[in-house]
Each structure stands twice: as C-alpha cells, then as structure tokens.
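For reference, the structure is listed below as structure tokens.
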Amino acid sequence: MSILKVARMGHPVLRTPTQPLELSEIDTPAIQRLIDDMFETMREYRGIGLAAPQVHESLRLFVAGVDDPDSSMPPVVLINPVVEPVGAATEEDWEGCLSIPDLRGRVPRASDIRVTAFDRFGIQVSMTASGFPARVIQHETDHLDGVLFLDRMASFESLTFLQEYARYWDKEDAAVSGA
Ligand code: ZN
C-alpha cells in the first residue's frame with residue numbers, strides 16, 4: 001500500500017465533477033488498490049473521510065470512518081453514492097478538509113440522510129445516517145461533485161485557522177478533523 005499525495009484547494013481536480021464507476025470496474029486490481037491506498041492515506045493524515053478527487057482520481061468513490069469501535073463512523077467505502085435528505089432538519093457544526101489544510105468553518109448540513117451506493121465488492125448498499133456520520137457522507141459526496149465545504153457555509157464569519165480553532169473553539173464534541 002502507498003500513501004498518496006493529497007490535492008489542495010486550487011487544483012482543478014477538486015472542482016471537476018467525477019465519473020461514475022462501471023460495476024465491472026469495481027473488482028479490478030487498480031480500483032481495489034486505490035481503495036486500500038485511500039484508507040492508508042486517510043489514516044496517515046488523520047482524516048475521517050477521503051474522496052478520490054482528493055488523491056487526483058476523478059472517480060465517484062470515497063472512503064470514510066475509523067476502526068475504533070467507539071467511533072460513530074465505522075469504515076466504509078461508498079462507490080457512486082446518491083445522497084437524499086430524510087426530512088427537513090439541518091444542523092451546523094465544524095468541518096475541516098484535508099484539501100484545505102489549516103482552516104475550519106461551520107457548515108449547515110442535513111441532519112438525517114439516506115445514501116445508496118455500491119460497496120467495494122460491487123454490492124448495492126442503502127443506509128441511513130444521522131448527525132456526524134451524515135455530515136461526513138455529505139462532505140465526501142460533495143467532493144465527488146466538485147464542491148468544497150466553503151461553498152456550503154452560510155457565512156464566512158466562523159472561518160478559523162487551525163491554531164485559533166484549537167485555542168478558542170476546540171471542544172470534545174467538535175466535529176470533523178479533516179475529511
Ligand atoms: Zn474534504
């Protein structure tokens with residue numbers, strides 16, 4: 001496995017909508033290796049999610065989650081995800097992004113979602129998610145559409161450098177460390 005180079009904001013790949021994978025592509029060595037490398041890269045940079053465009057691959061897939069059994073976000077691979085809000089509730093919380101290092105901002109998201117996708121075996125999965133995992137899934141799916149969390153902020157008033165975030169805003173329940 002390898003640690004991949006993470007694209008930073010300004011790289012056009014982050015603003016390019018991705019191509020869906022063909023079902024027959026999923027079980028190929030190239031895609032399976034990409035998934036493994038994305039997990040390793042996400043762990044190396046302590047992210048909670050990583051989308052293919054963030055490692056310069058314009059493909060409609062992302063990985064997310066951590067192995068820790070106490071985590072509300074277990075490891076998942078979602079390929080060609082389609083996200084729909086369930087109900088109208090929204091909530092605002094902090095987000096960060098491995099492609100926008102050193103910045104945090106508060107982002108409104110749907111509180112509850114349903115996501116339909118393929119897993120890494122090409123099996124169709126459908127799940128609901130709420131709160132933090134729902135936020136991570138929306139952040140990563142946005143990457144697949146060329147959208148960054150800054151685009152989703154209601155205002156830039158909360159935009160904060162990491163050092164100031166740690167000093168003034170970091171709490172135990174603070175949300176995404178980088179995704
Ligand atoms: Zn991100």
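With the simple spin-label model, which puts each label point 7 Å out from Cα in the Cβ direction, the Tyr168 to Arg46 separation comes to 2.2 nm.
Taking GluC sites (Glu not before Pro) across region 79-165, the ones in a DSSP loop with at most 11 further Cβ atoms lying within 10 angstrom of their Cβ are Glu157. Multiplying the residue separation of Glu91 and Asp151 by 0.36 nm and subtracting their alpha-carbon distance yields 20.0 nm.
With every protein chain left in place, what is the accessible area per residue of region 89-179 in square angstrom, probe 1.4 Å?
With the other protein chains kept in place, region 89-179 gives 49 Å² per residue.
Solvent-accessible surface of region 1-48, averaged per residue with a 1.4 angstrom probe and all protein chains in place: 65 square angstrom. Here the chain exposes an accessible surface that is 52 percent carbon and sulfur, computed with a 1.4 Å probe and the other protein chains kept in place. Shown here for region 83-128: chymotrypsin sites (Phe, Trp or Tyr not before Pro) in loop regions (DSSP other than H, G, I, E, B) with at most 16 other Cβ atoms within 10 Å, namely Phe121.
Decide, for region 111-155, between rounded, prolate and oblate: order the square roots of the alpha carbon gyration tensor eigenvalues as a ≥ b ≥ c, take rounded if a/c falls under 1.5, and otherwise choose prolate if a/b is larger than b/c, else oblate. Since a/c reaches 1.5 but b/c is at least a/b, the shape of region 111-155 is classed as oblate. In loop segments of region 1-51 as defined by DSSP, the GluC sites (Glu not before Pro) with at most 13 further C-beta atoms inside 10 Å of their C-beta are Glu22. Helix 29-44 sits at what angle to the longest principal axis of the chain, using alpha carbons and giving 0 to 90 degrees rounded to 10? Long axis of 29-44 versus the principal axis of the chain: about 20 degrees. Arg15 label point, 7 Å along Cα→Cβ, cut-off 17 Å on backbone N: hits in region 110-154? Inside the label zone: 143-153.
The values are calculated or read from the model by the stated rules, or taken from the named source; none is laboratory data. Since the model is a prediction, treat every value here as computed from it, not as a measurement. All Cβ positions, glycine included, derive from the backbone under ideal geometry; neighbour counts span all protein chains shown. Please note that ligands, DNA and RNA were not included when accessible areas were found on the heavy atoms of the full protein model with its side chains. Shrake-Rupley method; radii C 1.70, N 1.55, O 1.52, S 1.80 Å.
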